[in-house]
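The values are calculated or read from the model by the stated rules, or taken from the named source; none is laboratory data. Because the structure is a prediction, the values reported are computed rather than measured. A quick note on method: Cβ atoms are made from the backbone with ideal geometry, for glycine too, and the neighbour counts reach across all protein chains shown.
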Ligand SMILES: O=c1[nH]c(=O)c2[nH]c(=O)[nH]c2[nH]1
């Protein structure tokens, strides 16, 4: 069928590749484990595979999956930023018609058990759904762009959060509050200044784990200690502080659901007081939830695109 249409963008690859790598220290007998879910999508001169059914340009997604396992065997997987860069670079170095690789590495928690008061050499527990995420775009033209992040870190504070002074009009029913429960699933990320190549990522390798630790610590400390005026204001303070603490970043991005807990009037039962300062029993809401996003950059505001 003749058509006046063209491929304006395309990428393909393997998603949800699950990998576990063990590291066994022969001298001490101490093992560490890293479990990852990897996605790797390629871009390049691949249009004919879509338009003509010409598979000569297709590196099979099955081969991409195999490459992920081989790369994990032959290279460190920690920090995930370096692993993602090495994996992505492989594709543009190996296939001249592939011009960019988009790699996402989700690292799941396997925290060492403490048994009889001591760190156990080879047993681990999943202490929460929180993941450490890395997205690397490795491109022939633009080098390596890396964004690191935390997702699924669920937190709650039972006081130290207010929300008042918002628009009141004929659509408003929400009362102002000076003391509420605040809870969210943290999705935070920080975008690094661009890297020229894998060598530049290797030279920065000592920065990635401390940056993740700082971002996590700042998130938790700010959340706990802020006398929150709103989710918006608390998250902005987190962004500012991460930019200050991790100099090689150019942008910090947060996306926070506001997981509501409704007060419950129980006065129908013997006049029980359970609202305002007497509130003890609340009703957690699954939906709808607020969703508050922001992106904070260094310096003063030019006109710029959004990464949200
Ligand atoms: O921190 C908040 N920000 C909002 O924008 C908002 N809107 C709302 O109903 N509750 C809240 N809380």
Exercise. Name every residue in region 1-21 that is touching a helix residue (DSSP H, G or I) at 6+ places or on another chain (Cβ under 8 Å) and in a loop (DSSP other than H, G, I, E, B), in order of residue number.
Key: 6, 7, 10
Quiz item: Name the residues in region 275-285 that are outside any strand (DSSP E or B) and within 16 Å of the ligand (Cβ to nearest atom), would you?
Solution: 285
Exercise. Among what's in region 57-83 and is part of a loop (DSSP other than H, G, I, E, B) and in contact with a strand residue (DSSP E or B) (Cβ under 7 Å, 6 or more places away or on another chain), pick the residue that is farthest from residue 45 (Cα to Cα).
Key: 78
Practice problem: Could you please let me know if residue 265 is within 16 Å of the ligand (Cβ to nearest atom), over 14 Å from residue 187 (Cα atoms) and in the same structural domain as residue 196 (by the TED database)? | Solution: no
Self-check item: Top-ranked residue of region 178-205 - restricted to ones that are touching a residue at least 12 places away in the same chain (Cβ under 8 Å) and part of a helix (DSSP H, G or I), ranked as surrounded by the most Cβ atoms within 10 Å (Cβ to Cβ)
Solution: 201
Exercise. Determine, yes or no, whether residue 255 is within 14 Å of the ligand (Cβ to nearest atom), surrounded by fewer than 20 Cβ atoms within 10 Å (Cβ to Cβ) and at negative phi.
Key: yes
Quiz item: Can you find even one residue in region 52-64 that is surrounded by 14 or more Cβ atoms within 10 Å (Cβ to Cβ), at pLDDT 95 or above, closer than 28 Å to residue 195 by Cβ and within 22 Å of the chain's Cα centre (by Cα)?
Solution: no
Quiz item: Within region 225-233, is even one residue more than 16 Å from the ligand (Cβ to nearest atom) and in contact with a helix residue (DSSP H, G or I) (Cβ under 8 Å, 6 or more places away or on another chain)?
Solution: no
Self-check item: region 157-193 - residue that is more than 15 Å from the ligand (Cβ to nearest atom) and touching a helix residue (DSSP H, G or I) at 6+ places or on another chain (Cβ under 9 Å) and, of those, farthest from residue 291 (Cα to Cα)
Solution: 192
Practice problem: Mind listing whichever residues of region 158-177 are surrounded by fewer than 10 Cβ atoms within 10 Å (Cβ to Cβ) and either touching a strand residue (DSSP E or B) at 6+ places or on another chain (Cβ under 6 Å) or not in a loop (DSSP other than H, G, I, E, B) (or both)? | Solution: none
Practice problem: Starting from region 219-237, take each residue that is outside the structural domain of residue 254 (by the TED database) and closer than 16 Å to residue 187 by Cα and list its partners that are within 12 Å of the ligand (Cβ to nearest atom) and at pLDDT 95 or above, counting only C-beta distances under 8 angstrom and pairs at least six apart or across chains. | Solution: none
Exercise. All but one of (1) at negative phi; (2) away from the ligand (no atom under 16 Å from the Cβ); (3) free of Cβ contacts under 8 Å to residues at least 12 places away in the same chain; (4) not in a helix (DSSP H, G or I) hold for residue 295, so report the exception by its number.
Key: (3)
Practice problem: Confirm whether residue 41 is modelled with pLDDT of 95 or more, under 28 Å from residue 142 (Cβ atoms) and part of a helix (DSSP H, G or I). | Solution: no
